[in-house]
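The values are calculated or read from the model by the stated rules, or taken from the named source; none is laboratory data. Computed from a prediction, not measured in an experiment: that's the story for all the values here. When we count neighbours, we look across all protein chains shown, and the Cβ atoms used for this are built from the backbone with ideal geometry, even at glycine. Ligands, DNA and RNA are excluded from the accessible area calculation, which covers all protein heavy atoms including side chains. Shrake-Rupley method; radii C 1.70, N 1.55, O 1.52, S 1.80 Å.
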Amino acid sequence: MTLQNRVTPFGDIVAVPERGTMMGNRGILHDACRRLGRRRWAHKAWICCLTEFRARKRQIMAPGHYTELFFLDEAVALAAGHRPCFECRRAAALAYAASWGGNPRAREMDRVLHAERLDGRRQRLYHCEAAALPDGAFMVREGAAWLIQGPLLLRYTPAGYDIVAQRPTGLVETLTPPATLRALRAGYTPQLHPSVTALFVL
């Protein structure tokens, strides 16, 4: 059975076969039958984790335990409003915090991100000049999510990135929260899915 625990750059939690390369959580969102209810978050600490850490074994979506969410890669997790985990990805979390300036505590970053990522129950969208978007950010084009990589856009699918297009000009809708955009501009580099490299192999 395909579980509803895959997260898109739009922040939607969907049921697709592809698991992706990163895991995370927003608290307990499922019931005893491993089905999601209406709730899409249980706390403000939305984190992005490794799929394997210290040989720990978990039953996915076990009753009474947090709902394991999966992302194609870290850029998708960041676009959905997550941040690196301070336990399993400590070096990445410290680098992300340092890119904010002032090395904020996790709770402070969570408070800022929570205000930026939601517009009621839906993901908040922002308008930004396409030329100002840093690598690793996501924008919306023709209803799809596109990853910024230099002068190019890479189209997101649950299985990987599949189309390359030229970065547009002018104002565009942006999925990645402003605080994370600033972190990306300051040099934080998210882990990307292997399909990014494959697109540029001749």
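Counting just the residues of segment 128-141 that are open to solvent by less than 30 Å² (accessible area, probe 1.4 Å) and either of a type in the set (A, V, I, L, M) or in contact with a Ser or Thr (Cβ under 8 Å, 6 or more places away or on another chain) (or both), which one comes out nearest to PRO190 (Cα to Cα)?
Among residues in segment 128-141 that are open to solvent by less than 30 Å² (accessible area, probe 1.4 Å) and either of a type in the set (A, V, I, L, M) or in contact with a Ser or Thr (Cβ under 8 Å, 6 or more places away or on another chain) (or both), the one nearest to PRO190 (Cα to Cα) is GLY136.
Filter segment 46-88 down to the residues that are modelled with pLDDT of 95 or more and among the small types (Gly, Ala, Ser) and list them by number.
Within segment 46-88, ALA75, ALA77, ALA79, ALA80, GLY81 qualify.
Are any residues in segment 159-177 surrounded by fewer than 16 Cβ atoms within 10 Å (Cβ to Cβ) and not charged (D, E, K, R), and if so, which ones?
Residues satisfying the conditions are ALA159, ILE163, VAL164, ALA165, GLN166, PRO168, THR169, GLY170, LEU171.
For every residue, the table says whether it meets (1) closer than 21 Å to GLY120 by Cβ; (2) touching a strand residue (DSSP E or B) at 6+ places or on another chain (Cβ under 8 Å); (3) without any contact (Cβ under 8 Å) to a residue 60 or more places away in the chain; (4) surrounded by 22 or more Cβ atoms within 10 Å (Cβ to Cβ).
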| site | (1), (2), (3), (4) |
| --- | --- |
| THR21 | no, yes, no, no |
| LEU36 | yes, yes, yes, no |
| ARG40 | yes, yes, no, no |
| ALA55 | no, no, yes, no |
| ASP73 | no, yes, no, yes |
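For the structure I just gave you, tell me whether ALA144 is open to solvent by less than 30 Å² (accessible area, probe 1.4 Å), within 23 Å of ALA97 (Cβ to Cβ) and small (Gly, Ala, Ser).
Here the answer is no, as ALA144 does not meet what is asked.
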